[in-house]
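The values are calculated or read from the model by the stated rules, or taken from the named source; none is laboratory data. This structure is a prediction, so every number in the text was calculated from the model and none was measured. A quick note on method: Cβ atoms are made from the backbone with ideal geometry, for glycine too, and the neighbour counts reach across all protein chains shown. Note: accessible area is taken over every heavy atom of the protein model, side chains too, but ligands, DNA and RNA are not part of it. Shrake-Rupley method; radii C 1.70, N 1.55, O 1.52, S 1.80 Å.
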Amino acid sequence: MRRALTGNGPASGAVIALWLVVLLIMPLRDAFEIGRDEGFEVVKSFQFSGPPEWRAQMWNDQPVGYTWLVTGLFRLFGPDVLVARLAGLAFSCLLLYSLLRLLPEESGWLPRLAVAGALLSYPHTAELSCSGMLEMPALALGMFAIALLPAEARDQTRWVAFVLPGLLFGLACVIKFTAMFAAPWGLARLWMSFSPAMGEPPAAANAKAVLLQRLRAAGFVAAAFGVTLWLWFTLVEGESPVDRLLASHAKSAIYLGRQGGSAHAFPEDEVVSNLWLLPFVLALIIGWRDPALRRAGWPAVIGLVATYLVHLVHRPWWYFYHLHFAIPLAFIGGLGVQAAEKLLQPRGFSADWLPWRRGSVQLLLLAAVLILTAPGARRELDQVLQSSRAKDDPLLVEFKQRAKDARWCFTRLRMTAFRAKVPIIPELAILPYKRFWTGAINEKTIVQTVAKRLPDLLLLTVAGELSEPEWKTLVHEQYWLAYDNGDAAIYVCKKFKSPEPPVRIQSLREELGLPTAGEQ
């Protein structure tokens with residue numbers, strides 16, 4: 001951690017502080033839902049804070065590392081969505097810090113600002129930075145592990161420095177396995193850390209010794225990583241990740257492969273569409289002879305290519321996978337700005353003129369960075385700012401009133417249930433598409449489970465459950481309608497509360513100030 005206190009540490013701190021200020025302006029408390037999968041994660045953490053059987057009965061195809069973290073925060077501060085979102089925001093700061101740490105030490109404030117601007121302008125990065133979803137925490141911790149790898153690792157006394165990154169990378173994978181997208185970047189950085197430093201001649205005669213050093217370092221990282229995963233899935237999860245985690249994803253990929261997967265395929269123009277990077281990439285190519293740029297740039301390029309190749313064959317493609325590309329592209333953009341700054345450095349001027357020329361170059365590049373990244377960042381931030389507000393949702397207000405004494409509910413509107421603090425039936429709390437694709441569940445099974453459990457409240461949608469014939473008999477026999485807004489309806493179990501008596505005409509006339517029967 002010594003490097004963070006030297007060089008451009010203050011510049012990195014200022015950029016991270018600016019990042020934090022911008023995102024704290026977002027409606028972290030008031031936004032109803034930020035990200036389509038946020039409801040899944042907060043519901044899991046909310047119900048993990050209950051009795052152990054709630055966890056045992058709840059379907060989940062992700063590791064529970066982050067779920068346990070947010071569960072602990074819920075127990076400390078209460079099950080408030082703001083708690084989960086602030087945790088996500090903290091991890092976004094960790095991701096930005098990691099990228100800034102990976103920049104060459106001599107890079108100034110401008111490349112760091114470019115990394116932040118490029119990252120924020122990429123689709124859905126702002127949303128994931130303010131949300132309680134898993135993608136940002138997993139990749140942030142994975143990139144932090146890579147950033148902690150020693151940049152100059154030929155000193156034999158520093159082998160212990162490879163254990164901590166392996167451990168942290170293991171923890172990143174017990175949040176979500178997509179942290180593995182950072183692995184190629186980490187392996188390339190590990191390889192480069194044993195390359196000759198700036199100004200040193202290549203040690204061709206010691207190629208075998210250097211290769212052994214690289215293998216030993218990789219072995220320390222891999223051992224720490226493997227032990228972390230083994231301990232987690234043995235002591236915490238209590239089962240192998242293969243049956244529950246990998247099998248679910250494999251089955252959904254096979255299903256989509258058979259269906260063609262066109263609606264969930266990888267957008268082929270993911271990299272080509274980011275043409276705003278082109279001038280900085282050209283500057284980086286021209287300045288590639290700089291050893292510092294090569295040492296930092298090769299791992300990012302390898303990480304980007306590996307990510308692209310994986311997503312060419314991986315199905316399905318979800319919108320939050322944009323973050324996998326945002327990280328290496330933003331970093332490469334920052335390196336490109338540094339390369340451009342070096343290429344445009346004034347030469348041949350008197351000492352009195354040099355500061356002015358250097359300042360002019362930096363202002364020119366700053367204007368270019370702002371012009372190219374600000375519109376995208378504004379668009380992404382506006383999407384979060386324009387999120388619907390919980391206080392303006394009449395369905396939530398009504399559901400909260402009905403849920404005061406309820407013990408269980410069933411709904412696919414997870415954020416409504418979470419905000420009303422009513423647990424969903426554990427077996428049906430998590431109902432992503434992949435459970436239906438793989439044949440693990442269907443609508444008939446859901447109705448049978450609800451009929452067996454008879455939760456106190458049902459919150460059903462007209463376009464969803466109420467359009468399915470399986471629900472009609474159950475709803476008619478066991479529930480009475482309490483609220484209907486045309487899109488969704490709240491049903492109360494007859495065993496939970498008796499149907500409310502119909503409004504008496506006499507009382508209604510009195511409320512309206514009309515003559516009563518005796519006065520007519």
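Laid out as a table, the results:
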| item | result |
| --- | --- |
| Per-peptide average of other Cβ atoms within 10 Å, ordering 335-341, 298-304, 363-369 highest first | 335-341, 298-304, 363-369 |
| Expected-Rg normalisation [2.2 N^0.38 Å, Cα atoms] applied to the range 358-497 | 1.54 |
| Loop chymotrypsin sites (Phe, Trp or Tyr not before Pro), the range 67-116, which have at most 15 other Cβ atoms in a 10 Å radius of their Cβ (DSSP) | none |
| Compactness of the range 351-434, expressed as Rg and Dmax over alpha-carbon positions, Å | 25.2, 77 |
| Long-range tail of P(r) for the range 408-476 (Cα pairs > 19 Å, %) | 29 |
| Set of the range 310-331 residues, backbone N closer than 19 Å to the point 7 Å along the Cα-Cβ line of I254 | 313-317 |
| Heavy-atom accessible surface of the range 16-169: percent carbon and sulfur, 1.4 Å | 68 |
| Value of relative contact order over the range 359-503, rounded to a whole percent, pairs C-alpha under 8 Å and six or more apart | 19 |
| Candidate residues R101, R216: accessible-area rank, largest first, probe 1.4 Å | R216, R101 |
| Relative contact order %, the range 28-148, counting alpha carbon pairs below 8 Å whose residues are six or more apart | 36 |
| 1.4 Å probe accessible area per residue over the range 407-495, in Å² | 43 |
| Solvent-accessible area, 1.4 Å probe, carbon plus sulfur percent, for the range 288-415 | 62 |
| Entries of K251/K452; K391/K472; K44/K494; K452/K494 with Cα pairs more than 25 Å apart | K251/K452; K391/K472; K44/K494 |
| Cα radius of gyration and Dmax for the range 68-149 (Å) | 14.1, 44 |
| Cα→Cβ-extended label distance, 7 Å offset, between E477 and V462, nm | 2.7 |
| Rounded to the nearest 10 Å², the accessible area of D393 at probe 1.4 Å | 40 |
| Shape of the range 19-137, Cα gyration tensor, a/c cut at 1.5 | prolate |
| Where trypsin sites (Lys or Arg not before Pro) fall in DSSP loop in the range 447-492, at most 16 other Cβ within 10 Å | none |
| Sites matching GluC sites (Glu not before Pro) across the range 19-56 that sit in DSSP coil, with at most 16 neighbouring C-beta atoms within 10 Å | none |
